[in-house]
Amino acid sequence: MKKKVLSGMRPTGRLHLGHYFGALKNWVALQDEYECYYMSADWHALTTDYADTSKIDENTFEMVADWITSGIDPEKSVIFKQSDVHQHSELFLVLSMITPLGWLYRCPTYKEQLNEIKNKDLNNFGFLGYPVLQAADILLYMADIVPVGEDQLAHLELSREVARRFNNFYGNVLVEPQAKLTKSARVPGIDARKMSKSYGNSVMLGEDDDAIKKKVQEMYTDPLKIKKDDPGHPEGCVVFAFHEIFNENYKERETECKAGSVGCVLCKRQLTEMLSVFMKPLAQKRADLMNDKSYLQKVIKEGTEKAKETAAATMSNIRKALKF
Ligand code: TRP
């Protein structure tokens, strides 16, 4: 039997190259070796967007289109929506009974977000319980492996602790999941900060030539390289970080830049071309998918059916263990 993988993303709309190189490529690579479950965490979206839920459903379509565009194959992987599988909320309730509050208050993501997100009132039970819901997502599928970014490690640790605590109380039912960190290239945003939708510094998957050109123009470069033959400092230059990903001769470019034998204008023009070539087939695939909503609906519906089978089996074992 294949080992199981589960991962998810909150449906916040279109995805960018940070998602692609930071997560999706890894998800795609796991599809053959593992039984993979990829989930739109729409209940989780509620934890911060509870006052305005109008975009959540549409965002799931955008996101699933981006997953399939990136190579997630609905024939191989189970693609589903968290809220369609009611066992997530059921297990969330059970786990919330045995999760000590201290574990949640201590969670670094909780503290960070409370500090960072100032335009929403996050003093809610659900927001504090975010990692418990995530633990339910993972434990419901008996996932062995959870591919995530570094920012999610604390949630994985909490999932393991909750599983252990459950097993201590009620018998050995739940599997302790392992995080699988993505060891891929870090794509900076065009302003050199982390690529993030909320910073407005992202290059989206399937972006068209005009947008690519404009974004490459705006990319942060070495401020000390003013004339084209000034020696440059590729480390810290966004254009070079992209060359590292898209240009197989990036080592040469590094040498040329440092020697001052290539200027930023040429370097940017070449990057624009490489990005366009990379993006064109993705843009086409994405557009085709977005024009065929019924196909996306079918993928999610069929995925949900499969997810439900697994979830129902685990939940039944959990109820037995609880003597309910
Ligand atoms: N918390 C994750 C994020 O923000 C999304 C998520 C929800 C998730 N449930 C999950 C990730 C289960 C992995 C496994 O990225």
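Suppose the filter is open to solvent by 60 Å² or more (accessible area, probe 1.4 Å) and touching a residue at least 12 places away in the same chain (Cβ under 8 Å); does ASP42 pass it? The answer is no for ASP42. For residues that are surrounded by fewer than 17 Cβ atoms within 10 Å (Cβ to Cβ) and touching a residue at least 12 places away in the same chain (Cβ under 8 Å), tally how many sit in the stretch 234-243. The qualifying residues number 1. Residues that are exposed (fewer than 13 other Cβ atoms within 10 Å of the Cβ) and touching a Ser or Thr at 6+ places or on another chain (Cβ under 9 Å) within the stretch 87-113 are absent altogether.
Filtering VAL132, VAL146, VAL187 for residues that are within 13 Å of the ligand (Cβ to nearest atom) and either touching a Lys or Arg at 6+ places or on another chain (Cβ under 7 Å) or within 21 Å of ALA23 (Cα to Cα) (or both) leaves a single hit, VAL146.
For ASP84, the conditions (1) touching a residue at least 60 places away in the same chain (Cβ under 8 Å); (2) within 13 Å of the ligand (Cβ to nearest atom); (3) touching a Ser or Thr at 6+ places or on another chain (Cβ under 6 Å) are fulfilled apart from (2).
Scanning the stretch 14-39 for residues that are surrounded by fewer than 17 Cβ atoms within 10 Å (Cβ to Cβ) and either assigned to a loop (DSSP other than H, G, I, E, B) or of a type in the set (Val, Ile, Thr) (or both) returns ASP32, GLU33.
The values are calculated or read from the model by the stated rules, or taken from the named source; none is laboratory data. Source: prediction; values computed, not measured. Positions of Cβ are backbone-derived with ideal geometry, glycine not excepted, and every protein chain shown enters the neighbour counts. These area figures cover heavy atoms from the full protein model, side chains too; ligands, DNA and RNA do not enter into them. Shrake-Rupley method; radii C 1.70, N 1.55, O 1.52, S 1.80 Å.
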